[in-house]
Amino acid sequence: MSDLYPVTHLTQRGDALYLEEAALNDVARAFGTPVYVYSKAALQDAWSAWEYPENERQIHVCYAVKACSNLSILRLFAERGAFFDTVSEGEIARVLAVGVPANRIVFSGVAKSEREIEFALTQGIFCFNVESVPELQRIHAIASRLDKRAPISLRVNPDVDAKTHPYISTGLKANKFGISHTDALAVYQQAAQLSGLEIIGIDYHIGSQITELSPFLDAQNRLFDLVKQLADVGIVLKHIDLGGGLGVRYQDETPPLPSALIEQSLQGLREAGLTQDLMFEPGRSLVANACVLLTKVEYLKPTEEKNFCIVDAGMNDLLRPSLYEAWMGVENCTVRDANAAQTYDVVGPVCETSDWLARERTLAVAQGDVLAVLSAGAYGFSMASNYNTRARAAEVLVDGSEVCVIRRREVLSDLWALEL
């Protein structure tokens with residue numbers, strides 16, 4: 001990782017920014033803007049950080065597909081042995097489309113429809129992460145009708161504060177996710193009486209962009225105690241899924257390394273005398289800092305109140321700043337004299353006041369320059385939309401000096417192709 005930039009393999013050479021061996025200004029000229037640019041080396045480095053040698057039990061790393069679902073990125077992780085955490089029929093189908101066996105797919109989510117459950121069952125997925133008693137009953141009924149046994153894990157809500165943005169906190173009792181920790185033992189006993197279910201695991205997920213270990217460990221301790229209680233009543237689990245949510249550096253955060261989380265989890269398991277396999281579900285930590293979003297400066301607009309740097313990427317391309325007030329780094333791909341810098345709000349073309357990418361940033365910039373929005377790999381393109389009837393950006397992958405399209409830019413006819 002560069003000391004200057006959080007994005008791995010992003011460097012300054014002379015007055016230009018490079019991702020691996022590709023000059024970002026050249027990428028913008030060749031592929032247009034806005035464009036998401038991923039580094040293959042950064043993706044591989046991020047995956048390697050989650051690989052951990054362990055002889056006592058299996059450790060499965062399940063990539064959270066919702067973070068970035070491009071087929072080329074799914075294939076890259078699949079080739080490294082990834083399992084996949086999915087939250088819709090579409091995500092399951094995406095993973096299957098790149099040749100991943102269904103028994104490496106976990107199905108999460110609070111509102112699984114009958115069609116989705118039947119699809120997942122007939123494909124033979126590894127496990128359903130069940131979020132409620134009605135869902136448990138629905139899966140049992142569908143599995144019984146299909147003469148199958150559905151492998152299940154209960155998602156337990158441990159009521160632990162992840163100390164992150166409230167929109168991405170999922171482990172408090174006020175959140176919609178999971179089964180209350182206090183109810184979990186009784187729900188497991190209920191599940192054990194349903195012939196259409198095979199209980200194989202337990203899981204939790206307390207939030208996203210978590211930058212310290214203590215919330216993980218607090219939740220783990222509650223979960224490990226519950227696993228022992230289950231064993232005492234004859235329900236012995238095969239795996240424990242400790243979720244995802246490990247944060248990344250956007251600005252000055254110092255999140256723990258994946259290896260530190262894994263080591264602490266293994267230590268907790270040994271102290272508890274548990275022998276189950278482990279699963280983790282990272283998303284952001286695998287893709288966020290492997291990508292930049294390139295956007296062209298259309299206008300510089302000074303006003304009495306502030307200066308606006310108006311670019312061609314908007315909230316439809318990158319929603320995180322508008323939705324979460326997320327801070328994302330912005331750099332000029334042409335490094336200019338810092339003495340010419342001014343303070344700008346970087347805003348897009350969408351007709352909403354909330355359409356901004358960055359506020360109060362000191363930038364030396366000229367009309368026509370290309371800006372790089374940093375750390376854009378997670379929840380960037382995957383949350384993009386066609387709002388204001390805007391075509392979605394292209395996605396490209398850098399491998400050394402080679403750059404290839406992994407999703408073509410939408411053209412105008414794509415915008416109404418499904419309409420009658």
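Bear in mind that the values in this text are calculations on the coordinates, not laboratory data. Values in this document were obtained by computation on a predicted structure and should not be read as measured data. Please note: Cβ atoms are built from the backbone with ideal geometry, for glycine as well, and neighbour counts cover all protein chains shown.
Sticking with the crude label model, points 7 Å out along Cα→Cβ, report the distance from S259 to Y324 in nm, one decimal please.
Going by the 7 Å Cα→Cβ label model, 2.6 nm.
If we count other beta carbons within 10 Å of each Cβ, what is the order of Y387, Y18, Y344, fewest first?
Y387, Y18, Y344
How large is the dipole of the chain about the Cα centre if only Lys and Arg carry +1 and Asp and Glu carry -1, each at its Cβ, rounded to the nearest 20 debye? Show your work: numbers first, answer last.
Numbers: 37 positive and 54 negative charges, 153 e Å.
In total the dipole reaches around 740 debye.
Which of V87, V187, V95 ends up with the largest GNM mean-square fluctuation for the chain, with Cα atoms connected below 10 Å?
Judging by the Gaussian network model, the answer is V187.
With the cut-off at 1.5 for a/c, could you classify the chain from its C-alpha gyration tensor as rounded, prolate or oblate? Mind dumping the intermediate values first?
Details: a/c = 2.08, a/b = 1.80, b/c = 1.16.
The shape class here is prolate.
If contacts are Cα pairs under 8 angstrom and at least 6 residues apart, what is the relative contact order of segment 108-282 in percent? Could the numbers behind the result be given before it?
Numbers: 314 pairs, mean separation 34.7, N = 175.
Over segment 108-282, the number comes to 20 percent.
Under a Cβ-only charge scheme (Lys and Arg +1, Asp and Glu -1), can you give me the dipole magnitude of segment 6-139 about the Cα centre, in debye to the nearest 20? Walk me through the numbers before you get to the answer.
Details: 12 positive and 17 negative charges, 42 e Å.
Charge dipole, segment 6-139, about its Cα centre: 200 debye, nearest 20.
Treat each spin label as a single point 7 Å out from the Cα along the C-beta direction, and report the V335 to L418 distance in nm.
4.4 nm
Compute the signed sum of charges (Lys and Arg +1, Asp and Glu -1) over the other residues within less than 15 Å, Cβ to Cβ, of E198.
Values: positive: K148, R149, K238; negative: D147.
Counting the neighbours of E198, the net charge comes to +2.
Can you work out D for segment 108-282 in µm² s⁻¹ from Stokes-Einstein, where Rh is the Kirkwood radius over C-alpha pairs, the temperature is 20 °C and the viscosity is 1.002 mPa s?
On the way: Rh = 16.6 Å.
Translational D for this selection: 129 µm²/s.
Magnitude of the Cβ-charge dipole of segment 108-282, K/R +1 and D/E -1, about the Cα centre, nearest 20 debye? Spell out each step's value before the answer.
Numbers: 15 positive and 22 negative charges, 83 e Å.
Dipole of segment 108-282, to the nearest 20 debye: 400 debye.
Please report L223, L17 as a ranked list, fewest other C-beta atoms within 10 angstrom at the top and most at the bottom. Kindly include the intermediate steps, with their values, before the conclusion.
Details: L223 24, L17 27.
Ascending number of Cβ neighbours within 10 Å: L223, L17.
Can you put D147, D277 in order, fewest other beta carbons within 10 Å first? Before the final figure, lay out the partial values.
Values: D147 7, D277 17.
By the 10 Å Cβ count, ascending, the order reads D147, D277.
Positive end of the charge dipole of the chain (Lys, Arg +1 and Asp, Glu -1 on Cβ, about the Cα centre): tell me which of S259, L415, P321 has its Cα farthest that way.
Of the listed residues, the answer is L415.
Give or take rounding to whole Å, what are the principal axis extents of the alpha carbon atoms in segment 261-389, in descending order?
Principal-axis extents of segment 261-389 (Cα, largest first): 65, 37, 24 Å.
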